[in-house]
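The values are calculated or read from the model by the stated rules, or taken from the named source; none is laboratory data. Given the structure is predicted, the values throughout are model-derived calculations rather than measurements. Virtual Cβ from ideal backbone geometry, glycine too; neighbours counted across all protein chains shown. The area values use the complete protein model at the heavy-atom level, side chains included, leaving out ligands, DNA and RNA. Shrake-Rupley method; radii C 1.70, N 1.55, O 1.52, S 1.80 Å.
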Amino acid sequence: MSSLFFGNFNTAAGRDRWASSCFHRHFPNSELALKDRVSSIALMEIGFNMAEALERRFAAVAAEIEEFGEGFIPDVRPADPRFGDFQANGVLPFAKRTGRNPRNLAEILVGRIKGSSAGRFDVTVAGPGFINVTLRPAVLLEWLLAYGTERDLRTGASDLYRNRIVVVDYSSPNTAKQMHVAHVRSMVVGEAISRLFEFAGARVTRDNHIGDWGTQYGKLIYAYKNHLDQEALKSDALEELERLYKKGDALCKEDPAHLEQARAELVKLQRGDPGNLKLWEEIKRLSEDAFEEIYGKLGIRFDFHLGESFYRDKVDEVYAELLEHGIAEESEGALVVFHPDHPRFRKQPFIIRKSDGASNYASTDLATVLYRVREWKANKLVYVTDSRQQDHFQQLFLTVERWFAATARPVPELDHVCFGTILGDDGKAIKTRSGDPVKLKDLLNEAEERARAIVQEKNPGLPDDEKDDIARAIGIGAIRYADLAQNRTSDYVFSWDKVLSFEGNTAPYLLYAVARIHSIFTRMGDTAEIDERQATPFETEQEQNLARKLLDFAEVLKMTVGDLRPHVLCTYLYELAGDFSGFYNADKVLVDAAGTRARRILLCRRTLLVLEKGLHLLGIRTLKRM
RNA sequence: GCGGCAGUAGCUCAACCGGACAGAGCAGCGGUUUUCUAAACCGCUGGUUGGGGGUUCAAGUCCCUCCUGCCGCGCCA
């Protein structure tokens, strides 16, 4: 494997483990890092990932050379097209470490590699010791012939996370509250990551960890009992529940007597009072129905909806074990965990049981880890939440690590996949004109409406129901893509003009690129009889650019999945669409020469395949025409 | 106070845990269509990567320092 991917694992394990990062990760099992020491792979066997194949090849050749030996990492990566198809930069740091002349070393290595390249690629030394590799056009063609279907791609990719049992914890809204714009990133990113994991060979469980057992229920039940508007509840349950919560909250603030009663309702609920429990179930059901509407629009389906309430009888075991092993302690009446070796968390407590004896989200999160590992045999847990919860997850992960070590359980790999805030034009968290949070259903509806208007304008001749369908795909796709195309760790500025534009790195541009290729095939009629094996090697600059870009899919997928950063895939798809446009503009597909025609059709087919697969992995539905 | 994240072209964003002249899109300017969707493509203009030091063959990236913004930090999730 190239260092691009596994380099992440290696360096992460070795770096200052207290250095907090948004992508917080623990690596209990180092054996996962290098399953493939195999260097006996035949030269340039048509592997899925050409950069990896070269990496292995270079390393194997170097191992035979006295000046290099074992510790050399070639560091092969896709190159700037100016220099070739791939570049290996590893000689420079190696030369530095060993005190050699980098240029000389590179030339020695290149000399040996040339001898075994079998005429399949050219390799040269450039600058201070960069090694540039250019594949022969026939090799590009071979790869494209070998990876011709969705299944082929999946097979190629499925080594990345084979044998991993992953739980993705995303969306996770609170009951009795509407979903707002702030919730969309967790859903969109979480779903994309789940699909990517599956494609990469993992067994994925999607778990919606709903916030259904919080302290807010006291106030809500109190207000529900005294101020419910039945009509309002019928017309829009969540609006009414939200109103009731605010009402309850306001009452408690203005008069301690109300607060007392609200607390009493909570205690009754937690002790299992049948009336309150029934009410709670009703609120939960209403909430989940409303959530389902949104999930339906986004095409998201969970395997489980095990909310916090599910763990309410599972926290005592956690308290007992943590106490027994001296990990948790009593402090100011609460049960807390300190991490004595951590500069900050030796003072900042992780409160796992409140002083009134009630559980909180730390308690249930701990119980949840145990459940997922014990019941589902999960070896990797991924949490998709906003960055503000970084401290919480760091403390959670540290606690789990110590707890599981003390109880001789396998420690799962734990990831907090965090994300930033969606901002409005003013650079602050997006709000409506009146200053309220933007409701997610309103955002999605507006996206469809705006997309519908665009379809109407650009393609008025289509049937109405198809226009509606196209508008849904574009509208929802645009919202999703805008979210994914941005580096998730940073905040981003939302703008309708930007997300719905047909120019630039947007969903409409990519969907159009897909529709355009579909239309090429529609126009050509039945192309099934066109034999790809008649294709002759690529000749024009545009053909070669496009072919090379298609090969990069493997490496891009690895990077995307390795860092869990979907925008890497987005950028790639955008560039691929651009290379296709360049090709399509410069080179006529339907020419008379059979070999040329076959290879250009091949490029169209593969571009369509990769674009559609990529967009589907991101959770975006593609269209045949628009 | 402690900590996290960020500051890159007029605007919105990239830059693959140190690599080649910092790249796109939009906006601005100029081209391309009797030819497969112009919802496209090509070119030009635009940068002291917040400031200042340092590390080395090489720094937007690592270290120190300062400035600015957002966000956490004992019983919400």
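All C-alpha pair distances within region A:462-531, sorted into 10 Å bins from zero, spread as 18, 38, 26, 14, 4 percent across the bins.
Helices of chain A meeting both criteria, an alpha-carbon length of 18 angstrom or more along the long axis and an average Kyte-Doolittle score not below 0.0, with helices taken as full DSSP H segments, are A:50-63, A:102-115, A:181-199, A:507-524, A:566-586, A:594-617. Shape of region A:181-262 from the C-alpha gyration tensor: prolate (a/c of 1.5 or more and a/b above b/c, with a ≥ b ≥ c the square roots of its eigenvalues). Rounded to the nearest 5, what % of DSSP beta bridges with both residues in chain A are antiparallel? In chain A, approximately 55 percent of DSSP beta bridges are antiparallel ones.
Computed over the alpha-carbon pairs of region A:216-298, the distance histogram in 10 Å steps reads 19, 46, 28, 6, 0 percent, short to long.
Normalised by 2.2 N^0.38 Å, where N is the number of residues, the C-alpha radius of gyration of region A:115-175 stands at 1.94. Computed with every protein chain present, the accessible area of A:Tyr509 is close to 50 Å² [probe 1.4 Å]. For chain A, what log10 I(q)/I(0) values come out of the Debye formula at q = 0.07 1/Å, with one point per alpha carbon and no solvent? Once normalised to I(0) and log-transformed, intensities are -0.54.
Built from the Cα atoms of region A:261-348, the convex hull projects on average onto 9.6 nm², one quarter of its surface area. Using Cα-only point scatterers and the Debye equation, what is log10 of I(q)/I(0) for region A:305-430 at each q in 0.20, 0.21, 0.23 Å⁻¹, rounded to two decimals? At q = 0.20, 0.21, 0.23 Å⁻¹ the computed log10 ratios are -1.20, -1.30, -1.51. Report the normalised scattering of region A:479-626 as log10 I(q)/I(0) at q = 0.09, 0.11 Å⁻¹, calculated by the Debye formula with identical scatterers on the alpha carbons. Evaluating at q = 0.09, 0.11 Å⁻¹ gives log10 I(q)/I(0) of -0.30, -0.44. Straight Cα distances below 23 angstrom link A:Lys431 to the lysines A:Lys177, A:Lys246, A:Lys247, A:Lys297, A:Lys439, A:Lys441, A:Lys498, with same-chain residues fewer than 8 positions distant left out. In region A:358-437, what percent of the accessible surface is made up of carbon and sulfur (1.4 Å probe, ligands and nucleic acids excluded)? In region A:358-437, the share of accessible area belonging to carbon and sulfur is 49 percent.
For chain A, the per residue solvent-accessible surface stands at 44 Å², with DNA, RNA and ligands left out and a 1.4 Å probe.
Dividing the Cα radius of gyration of region A:36-135 by its Kirkwood radius returns 0.93 for Rg/Rh.
The peptide list A:123-135, A:57-69, put in order of mean Cβ contacts within 10 Å with the highest first, becomes A:123-135, A:57-69.
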